[in-house]
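Below is one structure; the comments refer to it alone.
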Amino acid sequence: MNALTAATGPSSAVFARSVREGLRDPGPALFLPALPPLLLVIAMTSLFGRLNGVIAFPTGSFKEFFVPGAIMIVAIAGGGFTSAQVAEDLRSGFIDRLRLQVRGPLILLLGRFGFEAIRIIPGVAAVLCVGLLFGGALPNGLPGALVITLLAMLLSAAYAGLFYIAAIVTEDPQTPLNLNPVGIIVSFLSTAFIPRAAMPSWADTAAGLNPVTVIVDGARAAMIGDLTSATVAAALAVATAGVAISVVASGAVLNRKLSRG
Amino acid sequence: MTTPSIEAHDLTKHFGELVAVDHLSFSVSPGEIFGLLGRNGSGKTTTVRMLTTLLRPTSGAAVIAGFDVARQPDDVRRSSGVTLQDAALDPNMTGREHLNLIGRLLQFGKREVTARATELLEAFGLSAAADRRIGTYSGGMQRRLDIATALFARPPVLFLDEPTSGLDPQSRRALWDEILRLRADGTTVLLTTQYLEEADQLADRIGVIDSGKLIAGGTPRELRAAHGLRTITVPGEHHLTTLVVTVTAGTVTARDGLTIIDVLPDASIDEALAQIRSVAGTLEDITVTKASLEDVFVHLTGREINTASARSTDRAAA
C-alpha cells in the first residue's frame with residue numbers, strides 16, 4: 001500500500017464523518033456562512049449603489065465591485081465549523097481511538113479540511129445568485145463562476161487552519177467559535193468592500209499585506225475581468241499556499257499535542 | 001518456549017518531576033489474561049498508553065506481538081486493540097456508523113467493513129441499538145461497543161484499561177463473560193483494574209503496581225500464598241501472645257470475647273492451630289479465614305484500594 005492510498009482512504013472516512021455532522025446540523029455548517037454576505041449584498045448594493053461617483057471603482061460600478069468580495073466573505077463567515085468537533089474529539093479522548101487506526105494524526109485533519117472547502121458551496125451559489133439579482137455581473141459566465149467558487153473553497157480551507165489550531169491548543173469547542181470576529185477584521189482590511197485607493201494609508205498597508213486581498217482581487221478578475229490574468233493565477237497560488245500552510249501548521253500542532261500524551 | 005505476546009523491559013515514564021512509571025518489567029503469554037492491579041494514580045493508564053504507542057516511554061522498551069512499540073508503532077497498532085479508560089466514542093454517531101468509520105480508517109474494503117460491523121454488533125448484543133445514537137446507549141452498551149471497536153481488526157492482543165469502571169454490577173458481570181470468551185478464542189488480554197474481585201475472577205496472573213513500580217506478581221493463588229495474611233479466630237479471650245507469636249510471627253488481639261491471630265504468609269496454619277490447642281485446650285468454633293486479594297494488596301502497599309478516591313489523580317499522572 002503506498003502512502004497516497006494510506007492517506008486517502010482514512011481521509012475520505014473522516015470527510016464522510018464531517019459531512020454527516022454537517023447534515024445533522026445544516027444551519028451553521030451550510031447556510032449560516034451565507035447569511036452575513038447575503039445581508040451585506042442586499043444592504044450594500046441598495047444603500048451604496050451610487051458610490052461610483054465618490055470613489056473610482058476599478059470595475060466602474062460599486063455593485064459589480066462588491067459582489068465578488070461578498071462571495072469571498074462566505075468563506076470567512078462561520079469559519080472552521082468542524083473545529084469544534086476537533087476540540088471535542090481531543091477532550092473526550094475519541095482522537096486517541098481514531099489515531100490508533102491511522103498512520104499519522106494529520107490524516108485525521110485532511111478530511112475535515114476537505115469538508116471545510118465544500119460546505120460553503122451552497123452559500124457561494126446563493127450569494128452569487130442574489131448578487132446578480134442586485135446588480136452584480138458575470139460576463140465570464142460559468143467558467144468565471146467555477147473559478148470564483150474554487151477560490152472561495154480554498155480560502156475556506158485555508159482559514160479553517162486558524163480554528164483548528166485554536167481547537168487543538170485549547171481542547172475547548174467554544175474557543176474557535178469565539179474567533180469569528182477575526183473574520184470581520186480580515187475582511188475589512190482587504191479589498192472585499194472598497195478598493196485600496198479609497199482606504200486610509202494604514203489600512204492600505206494592512207490590505208497590501210493581507211493575503212485575502214490577493215484572493216479577493218483574483219475572484220473579482222475571475223468574475224468580471226480577465227479570467228486568464230496573472231491576478232487570477234496569483235489568487236489561486238496564494239489560496240493554495242494558504243491551504244498548505246494551514247494543513248502543515250495544524251498537523252504539527254496536533255502532532256505536538258498528541259506526542260505529549 | 002513460547003514468545004510472549006506482551007513484553008515490557010524497564011518501561012519508564014517521567015512527566016517533568018513526576019515518575020509515573022518506574023522501570024516496569026513483565027511479560028504476558030499468548031492467550032493469557034494479565035491483570036495490572038493498582039490504585040488510581042499508580043501508573044496503570046500510563047503503562048497502557050506506552051504499550052499502545054499513544055505515549056512515548058522516557059526509557060525502557062516494550063514489544064507487542066513481536067513488534068517494538070518505539071520502532072514499529074504501526075505494526076503494534078495493527079496487532080493490538082485498545083479500550084481506554086473512558087469509552088472513546090462520538091455520542092452523535094450511531095453504533096453502526098462508528099464501527100464503519102473504524103473499519104474505513106483501518107482501510108478495510110467497503111463490503112468487509114459492513115460485514116464485520118454487523119458481525120461485531122451481533123456478537124456484543126448491540127444489533128437492536130445499531131442505528132441509534134451512541135449518546136443514548138447505557139454505560140454497559142458503550143463499553144461493549146468500545147470493546148467491539150478494539151476487536152474490529154481481530155487483533156491477537158487486547159488492552160483493556162479499567163473496562164468495567166463505572167458500570168453497574170450486572171453490566172460488569174456481562175463484560176467479564178465477554179472478556180473470558182475472548183481469552184477462550186485465544187486473545188491475549190492485558191487488563192488494568194482497581195477492582196480486586198475483577199482481577200481475582202479474570203486474571204490468570206496479576207501484577208500489583210504501586211507508585212509506578214511493579215511490586216508483586218503471580219497468579220491470584222500465588223499472591224495470596226506469598227503475601228496474604230490468614231486469620232485464626234478463637235472464641236474466648238486467651239493469653240496466647242508469646243506462644244503464638246513465635247509460631248505465626250503475626251499479631252494477637254483479644255477483645256469482645258474473641259482472640260484473633262494473624263498468621264503471616266510463611267507460617268504454618270496447622271502448626272499454629274496445634275500450638276493454640278496445646279495452650280488453650282481443645283476449642284470448638286475455631287475459624288480460619290483465608291487471605292483475600294485485598295489483604296494481599298494492603299500487605300504489599302500498606303494501603304487499601306480506595307475506589308472512590310483519586311480517579312483524577314490517575315488521569316493527571318497519565
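The values are calculated or read from the model by the stated rules, or taken from the named source; none is laboratory data. Note that this is a predicted model, so its numbers are computed, not measured. Here Cβ is always computed from backbone atoms with ideal geometry, including for glycine, and neighbour counts include all displayed protein chains. All accessible areas refer to the heavy atoms of the entire protein, side chains included, with ligands and DNA or RNA removed. Shrake-Rupley method; radii C 1.70, N 1.55, O 1.52, S 1.80 Å.
Could you work out how far the C-alpha centroid of the stretch A:104-181 sits from that of the stretch A:195-244, in angstrom? Between the Cα centres of the stretch A:104-181 and the stretch A:195-244 lies a distance of 16 Å. On chain B, 48 percent of the accessible area sits on carbon and sulfur atoms, based on a 1.4 Å probe. Note on chain B: with a GNM built from Cα contacts shorter than 10 Å, the maximum mean-square fluctuation among B:48, B:19, B:208 falls on B:19. For residue A:167, neighbours were defined as the other residues whose beta-carbon sits under 13 Å from its Cβ, and their charges (Lys and Arg +1, Asp and Glu -1) total -2. Over all orientations, chain B has a Cα convex hull whose mean projected area works out to 19.8 square nanometres. Please say if the stretch A:147-244 is rounded, prolate or oblate, where rounded means a/c under 1.5 for a ≥ b ≥ c the square roots of the C-alpha gyration tensor eigenvalues, and otherwise the choice is prolate for a/b larger than b/c and oblate otherwise? Verdict is oblate for the stretch A:147-244.
Kindly flag which residue pairs out of B:213/B:290; A:257/B:13; B:44/B:290 have an alpha-carbon separation exceeding 20 Å in this structure. Cα-Cα > 20 Å for B:213/B:290; B:44/B:290; rest within. Taking every alpha-carbon pair under 8 Å whose residues sit at least 6 apart, chain A reaches a relative contact order of 26 percent.
Per residue of peptide B:96-108, the mean number of Cβ atoms on other chains within 10 Å of the residue Cβ is 5.
Per residue, chain A exposes an accessible area of 41 Å² to a 1.4 Å probe, with every protein chain left in place. To the nearest 10 degrees, how steep is helix A:107-118 against the longest Cα principal axis of chain A, on a 0 to 90 scale? The angle comes out near 20 degrees. Per residue, the protein assembly as shown reaches -16500 deg cm²/dmol at 222 nm when only DSSP H runs of four or more residues are counted, each adding -39500 (n - 2.57). All other residues whose Cβ lies under 12 angstrom from that of residue B:222 are scored, Lys and Arg at +1 and Asp and Glu at -1, for a net of +2.
Under the combined filter of DSSP loop state and at most 11 neighbouring Cβ atoms within 10 Å, the stretch B:89-146 retains none of its chymotrypsin sites (Phe, Trp or Tyr not before Pro). Put simply, chains A and B cover up around 2400 Å² of each other's accessible surface, both sides summed, when a 1.4 Å probe is used.
Global dimensions of the protein assembly as shown from alpha-carbon coordinates: Rg and Dmax equal 32.5, 120 Å. Taking every alpha-carbon pair in the stretch A:11-130 and binning the separations at 10 Å intervals from zero gives 13, 35, 24, 16, 10, 3, 0 percent. For the protein assembly as shown, with the dipole built from +1 on Lys and Arg beta-carbon atoms and -1 on Asp and Glu ones, taken about the Cα centre, which of B:182, B:276, A:36 lies farthest toward the positive end? Final value for the positive-end residue is A:36. Sparsely packed loop sites in the stretch B:98-194 (the trypsin sites (Lys or Arg not before Pro) outside DSSP H, G, I, E and B with at most 15 other Cβ atoms within 10 Å) comprise B:132. Based on alpha carbons, the Rg and Dmax found for the stretch A:2-259 are 18.7, 62 Å.
Residues A:224, A:120, ordered by accessible area of protein heavy atoms at a 1.4 angstrom probe radius and largest first, appear as A:224, A:120. Panel note: contact residues of the stretch A:6-51 (accessible area lowered by at least 30 Å² against the chain on its own; 1.4 Å probe) correspond to A:10, A:13, A:17, A:20, A:24. Among A:92, A:46, the order of accessible area from largest down is A:46, A:92, computed with a 1.4 Å probe on protein heavy atoms. Between A:229, A:18, A:190, the residue with the greatest mean-square fluctuation in the GNM of chain A (Cα pairs under 10 Å linked by springs) is A:229. The Cα atoms of the stretch A:67-181 give a gyration tensor whose axes a ≥ b ≥ c have a/c of 1.5 or more with a/b greater than b/c, which makes the shape prolate.
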